[in-house]
Amino acid sequence: MAKPRPRKLKDVDPELTAYLDINELKAIGGDEYTIKAMSPDTGVPPCVECGGPTENHGRFDKILIDIVSVDRQKQFARLHYYFYKYRCLNKVPGHENCNALFQKQVGFVSSENAKITRRYEDEIMRLAMYESLTDVRRDMKSYIVKGHQKDLISKPAMSKVIKRWVDDKDEHRVFIPPVALLMYTYHSFFNDFIVVADVEPHSPCRIIEVIPTVSEAGIRSFFSKIDIGGLLAIVVDCNPVLYETVKDIVPRSKVMVDTDSLRRILRDEFKIFVYERLKRYQKYVRELFLAGPDEQASISNEDRAKMRRLQKNDDKLENAYSAYAGLYVLLQKHRDISELTSWKNVLDEANKNTFVLTISYMETYLEELARYRQGAHPKEGDSIYDEIYSLNRRIETHFPISTDDVFRARMLYSDFSNLMDKKWHGIDVSELKSIIDNMIKTGGLEEHER
């Protein structure tokens, strides 16, 4: 005999319901720490497996740890959640009964087996964006109600929450068939990673993925999730693993190499030379030589004179600086790519050894660098590569060393206001910059704290 259908909720506590502040639930008893609640939707649903009729299988309950606000102060609370399970009654001739047993899906927990609410998980993530898990637990100790220390979960449990939280957001991404992609490699903390951005005409550049390793397997895994048939172009940087893998996936004619990434290689090689050549001098003196042409105007006359004296007394420094500045201008001003060959041909042996990687990449990627120049690239002075590079450096400088999951969350999911959208399409690079700057202002580390 079928069990009776559940009736409309009685004894709803409006004040405690408002205090609980979960739209899907009505409080039916308890107090500020122990809240008993149910969904007001007590209708018997069709089977989630076959759509057939079901019966009420009985009322069950589970205890979840939640976070509520008392006089604007957060504290842990025990949510006693009561719910019904249902069993399918569908009988198909010639087949076994469906007999599925299920409960209605709700949004305030991430899974049926969860022991904490989504609100608890979100609080962990908000804090983990700024600080280490040790500091997250330190801050959340203030939420503990006396005598209930176990409401604060352990660091290993928090790590699992973070991974589950990021995986859940990953599931809600929608990869719209891209027209063009940017794929840039960067180094952060202890790992290399790839930032993937979707660029469409007349639309902002949006970061759509962070691959937490620079490997052929990671790159191929990403491309398996998207439709590459409509791709017109893929812009990569000078990383050979990325370049060779992409070139193997799509026709080489669609691959471009961003000249701004070559400029970064040039700068890094010259930095090694300068730091070795001027190791007896202060760091700020060495940094003067790394300034690009657009930054030279801000150098004081005194420092400019100091640079001239050092070059006058060191022919190798003067020649290397001249070569560095010359190519920097060619790359930054989007000059004709053929001038790169002319620049290389006039280098002496010493400078060829100083800029060995720059020359190697220039020769290997000349066709792709030229294609990038001829195609749609940022206007002079604008560099998506440098913008994302700067974002990475700001995260690395102002936030604690983190796991891959936390780093991906900072790059992809820092905008909590847009995460309710079940179809997440990426984050605008300029918006992410504003969010990261605001995060640094409100909770980031100072450089000397690392």
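The values are calculated or read from the model by the stated rules, or taken from the named source; none is laboratory data. Keep in mind it's a predicted model, so treat the numbers as computed, not measured. Positions of Cβ are backbone-derived with ideal geometry, glycine not excepted, and every protein chain shown enters the neighbour counts. Just the protein is used for accessible areas: all its heavy atoms, side chains included, with ligands, DNA and RNA removed. Shrake-Rupley method; radii C 1.70, N 1.55, O 1.52, S 1.80 Å.
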Output for Cβ contacts, cut-off 7 Å, separation at least six or different chains, first residue under 12 Å from M439 (Cβ atoms) and open to solvent by less than 20 Å² (accessible area, probe 1.4 Å) in the stretch 392-414, second in a helix (DSSP H, G or I) and of a type outside the set (A, V, I, L, M, F, W, C), reads I395/R410; F399/R410
Of Y284, Y321, the only residue that is modelled with pLDDT of 85 or more, over 30 Å from P204 (Cα atoms) and either touching a His at 6+ places or on another chain (Cβ under 6 Å) or exposed (fewer than 13 other Cβ atoms within 10 Å of the Cβ) (or both) is Y284
Filtering strands (runs of 3 or more DSSP E) wholly in the stretch 189-284 for at least 2 residues that are among the acidic types (D, E) gives 191-199
Within the stretch 410-439, residues being in a helix (DSSP H, G or I) and either at pLDDT below 85 or not β-branched (V, I, T) (or both) number 14
Among the residues of the stretch 332-374, the number that are farther than 18 Å from D237 by Cβ and open to solvent by less than 30 Å² (accessible area, probe 1.4 Å) is 4
When you scan the stretch 109-116, do you find a residue that is outside any strand (DSSP E or B) and within 30 Å of T442 (Cα to Cα), even just one?
yes
With criteria (1) open to solvent by less than 80 Å² (accessible area, probe 1.4 Å); (2) touching a Lys or Arg at 6+ places or on another chain (Cβ under 9 Å); (3) within 28 Å of H148 (Cβ to Cβ), R78 comes up short on (2)
Scanning the stretch 144-167 for residues that are part of a loop (DSSP other than H, G, I, E, B) and over 23 Å from R72 (Cβ atoms), the one most open to solvent (accessible area, probe 1.4 Å) turns out to be S154
Counted residues in the stretch 41-91 being without any contact (Cβ under 8 Å) to a residue 24 or more places away in the chain and among the acidic types (D, E) come to 2
Considering the stretch 112-143, residues that are surrounded by fewer than 15 Cβ atoms within 10 Å (Cβ to Cβ) and charged (D, E, K, R), and then whichever is farthest from H80 (Cα to Cα), we arrive at D135
